[in-house]
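Note sheet for the following structure.
Every read-out reported here was derived from the displayed coordinates using simple, explicitly stated rules and does not represent laboratory data. Quick caveat: nothing in here was measured; it's all calculated off a predicted structure. Cβ: placed from backbone, ideal geometry, glycine included. Neighbour counts: every protein chain shown.
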Amino acid sequence: MQLKHIALVSSTEEKADRFYQAVLGLKKINEKTIPAALSDQFFNLNAELKIINYANEKIHFEIFIAGKQNPEATRISHVCLEVSNLEAFLESCRKMEIAIRQVPKGDAMITFIEDDDGNLFEIKHVD
């Protein structure tokens, strides 16, 4: 298993830029938007979400811009892990009764699991 990225929430893009660029010295590599329908399926939050990626060669943060709402009130924050055998990993989760969310996105399937405290983990297969 390998850490792929850490997804956190910021109330504004300005605050995210200040911390991840100015304080941590990371490069803003791209921005994208998740439509409300996908956000609702992933995070039970029916709102369009802007994501900004900040990274260097060793670390990658995926920052969701939450707007004026309380960032802690949303379950967007997650850790993304890569596994070598996705099906075996998910079967293990099923046996342990770990909540699994799989949402189609184009030709791909996005997979999240949730621990017993509600923390989210995005699970990707290592190609």
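For segment 5-94, trypsin sites (Lys or Arg not before Pro) are listed when DSSP marks them as loop and at most 13 other Cβ atoms sit within 10 Å of their Cβ; the list is 58, 68. Other residues with beta-carbon under 11 Å from the beta-carbon of residue 5 carry, at +1 per Lys or Arg and -1 per Asp or Glu, a net charge of -1. Take the Cα radius of gyration of the chain and divide it by 2.2 N^0.38 Å, N being the number of residues; the result is 1.08. For GluC sites (Glu not before Pro), the sites in segment 14-100 that DSSP calls loop and that have at most 14 other Cβ atoms within 10 Å are 48, 57, 97.
How far is it, in nm, from the label point at residue 29 to the one at residue 3 when both lie 7 Å from their Cα along the line to the Cβ? Here the answer is 1.5 nm between the modelled labels.
Please give the net charge around residue 52, taking every other residue with its beta carbon less than 9 angstrom from that of residue 52, where Lys and Arg add +1 and Asp and Glu add -1.
Details: positive: 28, 32, 50; negative: 13, 17, 31, 62.
Once positives and negatives cancel, what remains is -1.
Were the residues from residue 48 through residue 85 laid out at 0.36 nm apart, the gain over their Cα-Cα distance would be 10.2 nm.
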